[in-house]
Amino acid sequence: MEISQLLLTKEELPILHDSCFQIPIHPKLLDPEINLNPKIAKEIFPKVAEEWRNDLIKHIPEEKDLEKREWYENAFLKSHDKIVKEYDSQSFGTWRDEIQLSDNGLVVGFSISRNGGGSLYFNKDNDLCQSFGKPYIRFSDEKAKEFEFKDKRFLVYAPHNIDFYPGALFLRNWAIEYMNEVFREIFK
């Protein structure tokens, strides 16, 4: 499969019910012989923040709940306006770029906040990190075969404490952008 066909898109990985989504992990990324750049997730954080802001601005008029619209504008767009760098960490409003890595450099944990944003994690032995895809993964049949693990299941990042759309949007976009950068690195 060509790299351009392998890259993940937001349309293939929608956010349903304000906070539900899945990000598939290509089985090749679990190969202990592959060494992934451990800095990718932090390097793309500012780009993801800008993209998140633009996506949230586009989403607000689509939100039917007027209270949520106001909350998104006041609690997120006004407070999450710039990246602040501190030592080896970055923050964006109340969110931070916290990650955990596997031995080969794969991010196995993305967290923006334990108390108000949520996280994604991956453990191949955890049933929550395996999925049959639908309705969360909308791949073509060819792409699905490329990502399938066994028994037509996908390995996925499992969500944890993602309670609202802005946090889901940021984490989904961060994981998609991360996966695409990793694919560009290893499937050259």
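Confirm whether Ala168 is touching a Cys at 6+ places or on another chain (Cβ under 8 Å), crowded, with 21+ Cβ neighbours inside 10 Å and under 26 Å from Lys58 (Cα atoms). The answer is yes for Ala168. When Ile186 is tested against the conditions (1) at pLDDT 95 or above; (2) farther than 25 Å from Asp65 by Cβ; (3) of a type in the set (A, V, I, L, M), the lone failure is (1). Of all residues assigned to the stretch 174-185, at least one qualifies as being touching a helix residue (DSSP H, G or I) at 6+ places or on another chain (Cβ under 7 Å) and of a type in the set (Lys, Arg).
Applying the criterion of being farther than 17 Å from Phe122 by Cα and of a type in the set (D, E, K, R) to the residues of the stretch 22-40, the residue that is surrounded by the most Cβ atoms within 10 Å (Cβ to Cβ) is Lys39. Pairs linking a residue in the stretch 41-53 that is over 17 Å from Leu120 (Cβ atoms) to a residue that is buried (at least 18 other Cβ atoms within 10 Å of the Cβ) and of a type in the set (Asp, Glu), with Cβ atoms under 8 Å and 6 or more positions apart or on different chains, are Lys47/Glu177. Which residues, counting only those in the stretch 133-183, are assigned to a loop (DSSP other than H, G, I, E, B), more than 18 Å from Pro14 (Cβ to Cβ) and without any contact (Cβ under 8 Å) to a residue 60 or more places away in the chain? Passing the criteria: Lys150, Asp151, Lys152, Arg153, Asn161.
Rundown of residues vs (1) surrounded by fewer than 18 Cβ atoms within 10 Å (Cβ to Cβ); (2) farther than 15 Å from Leu6 by Cα; (3) touching a Cys at 6+ places or on another chain (Cβ under 6 Å); (4) modelled with pLDDT of 95 or more, yes/no style:
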{"site": "Asn115", "(1), (2), (3), (4)": "yes, yes, no, no"}
{"site": "Asn123", "(1), (2), (3), (4)": "yes, yes, yes, yes"}
{"site": "Gly133", "(1), (2), (3), (4)": "yes, yes, no, no"}
{"site": "Ile137", "(1), (2), (3), (4)": "no, no, no, yes"}
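Each residue in the stretch 57-113 was checked for being surrounded by 15 or more Cβ atoms within 10 Å (Cβ to Cβ) and of a type in the set (Lys, Arg), and 3 of them qualify.
Across the stretch 31-81, the number of residues qualifying as within 17 Å of the chain's Cα centre (by Cα), among the charged types (D, E, K, R) and over 17 Å from Gln100 (Cβ atoms) comes to 5.
Screening the candidates Ile60, Ile44, Ile99 for the property of being out of contact with any Cys (no Cβ under 9 Å at 6 or more places or on another chain) and not in a helix (DSSP H, G or I) yields one hit, Ile99.
The values are calculated or read from the model by the stated rules, or taken from the named source; none is laboratory data. Predicted, not measured: the structure shown is a model, and the values here were computed from it. Ideal geometry is used to build each Cβ from the backbone, glycine not excepted, and the neighbour counts take in all protein chains shown.
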